[in-house]
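The values are calculated or read from the model by the stated rules, or taken from the named source; none is laboratory data. Because the structure is predicted, anything quoted here is derived from the model rather than measured. FYI the Cβ positions are ideal-geometry reconstructions off the backbone, even for glycines, and counts take in every protein chain you see. Note: areas computed on protein heavy atoms with side chains; ligands, DNA, RNA excluded. Shrake-Rupley method; radii C 1.70, N 1.55, O 1.52, S 1.80 Å.
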Amino acid sequence: MFTLFGMILDTAFGIILAVVLCLGVVIYLVGSIRLFKKCGKEGWKAIIPFYSNYVFTCEICGLHWAWFVATLLIDLAVIEEGSIAVLLRFFVKAMAFYNLALKGHRETTPALIFGALFPEIVTCIYGFGSYEYDNYIDVKKSGLF
């Protein structure tokens, strides 16, 4: 009797978790599309794997193409949890969001920290918020340095 109840409870929890995760992915994709449009790019470029990362890193944030290649290699490689490559991914995201904050006349320190740790959330905040992209601001190709 308790086994059947436990199976039903586990199934309900799994369904709820799947719905919440799908909703999070949809919110992130819509936020990315809106951010790309605010930055003068077509929205469809935000949903193409790898290409969206290139457009974001190089064209929108203004980083050198080598930063994109580094993230591409990290994404394609099998990475262990404690690997130094994870730190490189955080570093590249921090530099990208630093430049994005400069181009939007935003505070750079929160963008640097939260962009590295929670890039999907910061993307949604910029996409759904009052972020205004200024393409005429020159940023360094290496980010902060």
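Of note:
- When F5, F36 are checked against the criterion of being modelled with pLDDT of 95 or more and out of contact with any Ser or Thr (no Cβ under 7 Å at 6 or more places or on another chain), a single residue qualifies: F36.
- Applying the set (1) modelled with pLDDT of 95 or more; (2) surrounded by fewer than 18 Cβ atoms within 10 Å (Cβ to Cβ); (3) of a type in the set (V, I, T); (4) under 30 Å from I137 (Cα atoms) to I60 leaves exactly one unmet item: (2).
- Any hit, the stretch 6-18, residues being under 30 Å from F56 (Cβ atoms) and of a type in the set (A, V, I, L, M, F, W, C): yes
- Meets criteria (in a helix (DSSP H, G or I) and free of Cβ contacts under 8 Å to residues at least 40 places away in the same chain) for V55: yes
- Applying the condition of being among the aromatic types (F, W, Y) and over 22 Å from T71 (Cα atoms) to the stretch 1-57 and asking which residue is most open to solvent (accessible area, probe 1.4 Å) yields F2.
- Single residue of the stretch 122-144 satisfying the filter (in a loop (DSSP other than H, G, I, E, B) and in contact with a Phe, Trp or Tyr (Cβ under 7 Å, 6 or more places away or on another chain)) that is least open to solvent (accessible area, probe 1.4 Å): G143
- The stretch 70-80: number of residues that are surrounded by 13 or more Cβ atoms within 10 Å (Cβ to Cβ) and either β-branched (V, I, T) or under 19 Å from Y28 (Cα atoms) (or both): 4
- The number of residues in the stretch 104-124 that are under 22 Å from L29 (Cβ atoms) and in contact (Cβ under 8 Å) with a residue 12 or more places away in the chain comes to 11.
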